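Report on the structure given below.
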Amino acid sequence: MVTPPATVVNPVAIIMQRQLITKGRCKLLPHSIIEDLLNNEEFDINTRNNEATLSPHQKLSLEESLLILNFINFPGKISPKKTKCVENLNKAIRDYYHYWTIDNQCVTKNAAIGLPHLEILTKKYFLHKMQSLYDELRINIFKYVITPSSLVVANREWFAISQDPHAKAEWLINKYGKAHALFHAVRLRNFMTDNVVQALIARDAIISRYFVQRLLMHFGTIDEKLTKQKIEYNVHNVNNRSPWKKSWASNLTIPVFTNLITKCYEILNDNELAAKGNDMELFHFLSAGPLTIYHAPQRLYQNLVDIKDLILNRKFVPFPPRKKPIYEDTIEFIQLIQDRAQEDYPPKDGYENSRQLNVIARAILIYPDLVIMWKEIGYYEICSDLNELVMQGALLILFPPTPPINWVCPNVDTVIKRLKQLIDLGFQLNDIVMEDALHIFEHRLDRFGDILMDSFHRIHKRSISSIASSCIIQAIKPERNHRKTDLLEFLISKIDEQPEKALNDALEHYNVGFNYDNNSIKSVKIRSSSVHSNVYYWILKKYGSNSEITQKCFEDILESRIWIDLKLQETPGIEIPDHLTKCAFNSICSIYLEFCNERIPFKANHLSYLKLVENEEIIKPCFELSLPILFGLELNSKLPYDINYECNRPDINNYQNNNSKRKYNDMDEQLDRNEWIKSLELYNNQITVNSIVITSSFKNNFKIFWERIKSSRILEINNDEISSKRSKQ
């Protein structure tokens with residue numbers, strides 16, 4: 001009898017092989033693969049109950065599965081292309097297992113592609129074997145899929161896998177880790193079943209006393225009648241929105257709820273489980289949370305035995321932190337942030353809020369070996385969950401906002417020693433941490449900035465210029481208001497060469513510039529500034545109106561300002577577009593005029609956007625300021641334009657009029673004029689024959705300028721110059 005195969009042939013290789021065969025580039029599957037399958041004797045077989053399973057070392061590797069996912073892991077809705085990819089994957093898997101036959105004689109069902117004959121194993125053995133491998137491969141693929149719905153709706157086979165409790169457990173643990181798998185299984189509506197509980201426990205998912213305590217707090221539905229009465233009488237300042245939000249465990253079925261409680265009692269082996277307690281609160285007091293950071297260590301060390309018992313025996317693990325919401329200049333985003341700041345503890349969505357996570361982070365800073373304890377019970381995500389809080393906390397202890405009397409400023413070696421201690425535990429000094437640290441000390445960069453940068457430089461073994469370039473991306477993130485520009489000035493001063501290029505890269509990171517064409521912008525729900533307008537203001541003042549990065553900023557501003565006008569046209573009578581905050585509205589409108597007052601040059605491609613505009617505040621700077629300057633005509637507008645929008649702009653300490661920093665030479669100006677003339681003539685012809693959709697304001701301003709430019713004979717002069725150049729070519 002032939003020895004069973006030792007390992008599964010790489011399915012990606014099979015898929016690629018099939019593609020090559022289809023394209024006529026290959027005739028045979030390499031014999032070496034078949035020989036490896038038949039000759040390997042390390043195969044470990046479990047034939048109990050006539051079933052065969054793979055030993056752990058034979059599972060498909062992560063790299064192989066990730067390669068397969070290139071065929072299927074497309075986020076978003078299912079498309080014909082995606083469905084086809086899934087079908088191809090299914091076919092490849094089926095074809096692979098079809099190499100082996102179920103008969104008791106030698107056959108060649110795959111002779112069409114030139115596969116050699118294979119000696120046949122027994123039908124009873126191989127039927128179970130192949131089905132087991134088939135399902136295992138699917139589960140292994142499923143657990144790496146970011147959005148399982150992409151597979152679930154593809155076909156019945158993948159839907160069946162998605163309902164398999166072992167596949168669910170693998171997906172949860174792979175995505176969230178053993179420490180948070182149970183929480184997310186409960187949080188994801190209708191995801192948890194008794195079988196999923198069993199599968200998670202079998203894979204050592206952590207079930208803690210704290211998990212049961214939180215589960216008891218939020219299991220079940222609210223009493224709507226009681227809630228209505230509380231809102232009506234304003235009992236305990238009940239919020240009109242929060243009472244109606246379902247809690248993370250509200251949809252859990254009673255059998256699953258009972259099973260979870262029972263499992264916790266069994267696993268923790270505690271018949272007197274303090275299910276009505278709160279281990280987060282207990283940890284807060286045991287770690288001396290009420291005391292200052294300078295007085296807490298002594299009390300924490302006194303309680304170390306109880307803390308160890310809480311972590312190692314009661315499996316205390318904080319719930320996961322929330323993902324930070326993507327910033328938007330919308331009323332809904334502001335409301336979300338306000339609600340989170342005022343939320344009750346524990347939050348209904350189950351996530352741990354920053355106050356509780358700070359308790360954990362502070363305890364780690366006092367006694368770093370707590371990280372080792374948590375990793376011992378399987379909480380390996382402790383470092384990623386608390387990375388920013390711990391690293392920032394370490395620097396705040398080194399450089400306290402209010403230093404004690406005996407405080408001595410740490411040197412670079414002291415900072416490096418402290419940070420490396422945390423890095424050795426698994427924390428990371430990444431770009432976010434470095435920039436946040438510099439931001440925290442923005443008003444003290446003159447004292448501590450160089451110490452921090454030198455420390456980062458020696459830890460990362462990167463140049464200070466490179467670190468500053470990376471940090472500037474984080475420094476201009478849109479949620480920062482930049483009422484002070486000290487950090488921006490500090491980072492720019494540390495970049496040795498081409499600081500404008502570093503700024504340009506940072507702006508591109510946030511897609512600053514035109515993001516929509518003149519048709520798609522009409523349907524955009526929200527189009528605010530890509531970064532805060534104070535960053536644009538700082539760039540304008542520092543680099544002048546003729547700088548390339550200033551022009552990129554103006555494109556972003558112009559698109560946002562035009563979007564506002566389009567939304568106001570859609571709904572006459574409103575002052576601010578729906579969803580946009582008043583602060584963002586004032587910010588966009590005012591920065592547009594700030595740039596116009598600095599004589600920012602409009603480009604010919606801006607006309608396709610300006611033709612949509614009704615508000616003359618947007619149109620006039622182009623036809624009454626920018627174009628007259630370009631063509632040497634007298635200005636009709638008095639500068640500066642009045643800015644009647646409330647917006648606080650930063651004081652630019654090193655303000656210089658840098659308009660001469662990158663002045664266009666004669667050739668640049670001539671090229672601009674030629675491009676503008678072509679566009680103006682094109683628009684004039686289209687307006688004359690009514691073949692273009694434009695607003696009345698744009699049409700009136702265009703005609704006025706067109707008459708000015710015609711009467712000045714600039715068109716004739718420039719046309720002669722263009723003709724002369726063409727004749728010489």
- If Leu273 passes every condition in (1) surrounded by fewer than 16 Cβ atoms within 10 Å (Cβ to Cβ); (2) in contact with a Phe, Trp or Tyr (Cβ under 8 Å, 6 or more places away or on another chain); (3) part of a loop (DSSP other than H, G, I, E, B) but one, which one does it miss? (1)
- Could you identify the single residue in Asn701, Asn685 that is assigned by TED's automatic domain parsing to the domain that holds Asn636, in a helix (DSSP H, G or I) and surrounded by fewer than 17 Cβ atoms within 10 Å (Cβ to Cβ)? Asn685
- Among the residues of the stretch 598-625, which ones are touching a helix residue (DSSP H, G or I) at 6+ places or on another chain (Cβ under 8 Å) and among the hydroxyl-bearing types (Ser, Thr, Tyr)? Tyr609
- Item | Subset of the stretch 405-414 (residues that are in contact (Cβ under 8 Å) with a residue 12 or more places away in the chain and over 19 Å from Tyr294 (Cβ atoms)) | Asn411, Val412
- Message: Ile694 - would you say it is part of a loop (DSSP other than H, G, I, E, B) and modelled with pLDDT of 85 or more?
- Response: yes
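Conditions tested, residue by residue: (1) touching a residue at least 60 places away in the same chain (Cβ under 8 Å); (2) assigned by TED's automatic domain parsing to the domain that holds Ile423; (3) surrounded by fewer than 19 Cβ atoms within 10 Å (Cβ to Cβ); (4) among the small types (Gly, Ala, Ser).
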| residue | (1), (2), (3), (4) |
| --- | --- |
| Gln335 | no, no, yes, no |
| Arg340 | no, no, yes, no |
| Ser354 | no, no, yes, yes |
| Leu370 | yes, no, no, no |
- Over the stretch 281-302, the set of residues without any contact (Cβ under 8 Å) to a residue 40 or more places away in the chain and surrounded by fewer than 18 Cβ atoms within 10 Å (Cβ to Cβ) is Glu281, Phe285, Pro290, Leu291, Thr292, His295, Gln298, Arg299, Gln302
- Task: Could you grab me the full set of residues in the stretch 174-195 that are buried (at least 23 other Cβ atoms within 10 Å of the Cβ) and either without any contact (Cβ under 8 Å) to a residue 40 or more places away in the chain or of a type in the set (Gly, Ala, Ser) (or both)?
- Result: Ala179, Ala181, Ala185
- Counting only residues in the stretch 163-213 that are of a type in the set (Asp, Glu) and assigned to a helix (DSSP H, G or I), the one nearest to Lys276 (Cα to Cα) is identified as Asp194
- Message: Please go through the stretch 276-299 and give me each residue that is over 11 Å from Val359 (Cβ atoms) and part of a loop (DSSP other than H, G, I, E, B), ordered by number.
- Response: Lys276, Gly277, Asn278, Leu291, Thr292, Ile293, Tyr294, His295
- Task: Return yes or no: is Gly573 small (Gly, Ala, Ser) and without any contact (Cβ under 8 Å) to a residue 12 or more places away in the chain?
- Result: yes
- Note on the structure: Of (1) more than 26 Å from Leu635 (Cβ to Cβ); (2) among the hydroxyl-bearing types (Ser, Thr, Tyr); (3) part of a helix (DSSP H, G or I), Ser528 fails just (3)
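The values are calculated or read from the model by the stated rules, or taken from the named source; none is laboratory data. Please read all numbers here as calculations on a predicted model, not as lab measurements. Heads up, the Cβs are rebuilt from the backbone with ideal geometry, glycines too, and the neighbour counts pull from every protein chain shown.
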